[in-house]
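The structure appears below as structure tokens.
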Amino acid sequence: MRFMGETIRDYNIIVPGDRIMIGLSGGKDSLILSLALATLRKRSPVKFDLSSCLVNQTGGEMDISEIQTFMDILGIPLFYLEHPTYSIMEKRAERSPCSLCANLRRGILAWQAQQKGANVLALGHHKDDAVETVLLNLFYGGRFKCYQPNMVMSRTGIKVVRPLVNIEERRIALEATRLELPVANSCCPYSDKSKRNSAKKILGEIEKEIPEIKSNIIHALKNILKDDVW
Ligand code: SF4
């Protein structure tokens, strides 16, 4: 809660009257985000609304009963959508399926947010996701960059926020286990062989030598000096 609160304050992520839709995958990150935002909604003097949307990208059946019960307990309405993302990815045989997948998912969620009258889309990206994105952009795109913790999508005008972006994945995983959250297993056919997974492994190796590598990369994102650019 403290780390998330600092990020929300530093990047002005929630303003009074925001209607926030949480992008749910059923994984630990989006469940922790839902719980944390529901807790904040109770405590915060800043009033905001919450809803959530789960996009089933498999093209097959998905049992959402446990997630539905969890969201009911939190008092967060849940919308459910199906989209055949994986079969689209298979047909297009992209070099980086994760990037196409993330773009499609974000587009669907932003559209759904608009339909339901939300002005903010909250995603569960954490610190490891951000650092892996930096590495992927650097290794495969030749640019040092990452998404912002708070940004506006130009096409829809929906604000996309990432309140967990300063929290390490291992902390989120520990918390999700400790709280026995109903975490769904990933059924993505690309999760083990994706470039993102390679970036995660590379990062793990570097971390053995340089334990503060993730914080250093995040720090570098905030401190790109003009004089250092060639
Ligand atoms: S690992 Fe799978 S679900 Fe995650 S971004 Fe990549 S393709 Fe999408």
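The numbers here are math on the coordinates, done by the rules we state, and not lab data. Predicted model, so just to flag it, every value in this text is computed and none were measured. Heads up, the Cβs are rebuilt from the backbone with ideal geometry, glycines too, and the neighbour counts pull from every protein chain shown.
Note down the magnitude of the dipole of the range 144-202 about its Cα centre, charges +1 on Lys and Arg C-beta and -1 on Asp and Glu C-beta and zero elsewhere, to the nearest 20 debye.
340
Which one of GLN68, TYR80, ALA113 is farthest out on the positive end of the charge dipole of the range 2-228, using unit charges on Cβ (Lys, Arg +1; Asp, Glu -1) and the Cα centre as origin?
ALA113
Which whole-Hz ³J(HN,Hα) couplings does the range 46-60 yield from phi under the Karplus relation 6.51 cos²θ - 1.76 cosθ + 1.60, θ = phi - 60°, glycine and proline marked x?
3J(HN,Hα) across the range 46-60, in whole Hz: 7, 8, 8, 9, 10, 9, 8, 9, 10, 9, 7, 9, 7, x, x.
Normalised by the number of residues in the chain, what is the relative contact order in percent for Cα pairs under 8 Å and 6+ residues apart?
With pairs under 8 Å counted, the relative contact order is 25 percent.
Give the residue from GLY23, LEU181, LEU35 lying farthest towards the positive end of the charge dipole for the chain; charges sit on Cβ (+1 for Lys and Arg, -1 for Asp and Glu) and the dipole is referred to the Cα centre.
GLY23
Checking the table LYS145/LYS226; LYS116/LYS145; LYS159/LYS226; LYS42/LYS214 against a 22 Å threshold on Cα-Cα, which pairs fail?
Long pairs (Cα-Cα over 22 Å): LYS116/LYS145; LYS159/LYS226; LYS42/LYS214.
Among the DSSP beta bridges whose two residues both lie in the chain, what percent are antiparallel, rounded to the nearest 5?
15
³J(HN,Hα) across the range 186-193 via Karplus (A = 6.51, B = -1.76, C = 1.60, θ = phi - 60°), whole Hz, x for Gly/Pro?
3J(HN,Hα) across the range 186-193, in whole Hz: 5, 10, 6, x, 9, 4, 7, 9.
Compute the Cα gyration tensor for the range 2-228, then decide on rounded, prolate or oblate, letting a ≥ b ≥ c be the square roots of its eigenvalues: rounded whenever a/c is under 1.5, prolate when a/b is larger than b/c in the other cases, and oblate in all that remain. Don't jump to the answer; show the numbers that get you there.
Details: a/c = 1.42, a/b = 1.16, b/c = 1.22.
Verdict is rounded for the range 2-228.
Most mobile of ILE20, ILE210, ILE218 per a Gaussian network model of the chain (Cα springs, under 10 Å)?
ILE210
Show that you can apply the helix-only estimate: for the chain, add -39,500 (n - 2.57) for every DSSP H stretch of four or more residues, divide by all residues, and state [θ] at 222 nm to the nearest 500.
So the calculated ellipticity at 222 nm is -15500 deg cm²/dmol.
LEU50's amide H: which non-local residues (gap 5+, or another chain) put their own amide H closer than 5 Å, with H modeled 1.01 Å from N in plane and none for Pro or chain starts?
When sequence neighbours closer than 5 places are left aside, the close amide H contacts are ILE20.
Between LYS208 and GLU180, what is the label-point separation in nm under the 7 Å Cα-to-beta-carbon projection?
3.6
Note down the magnitude of the dipole of the chain about its Cα centre, charges +1 on Lys and Arg C-beta and -1 on Asp and Glu C-beta and zero elsewhere, to the nearest 20 debye.
600
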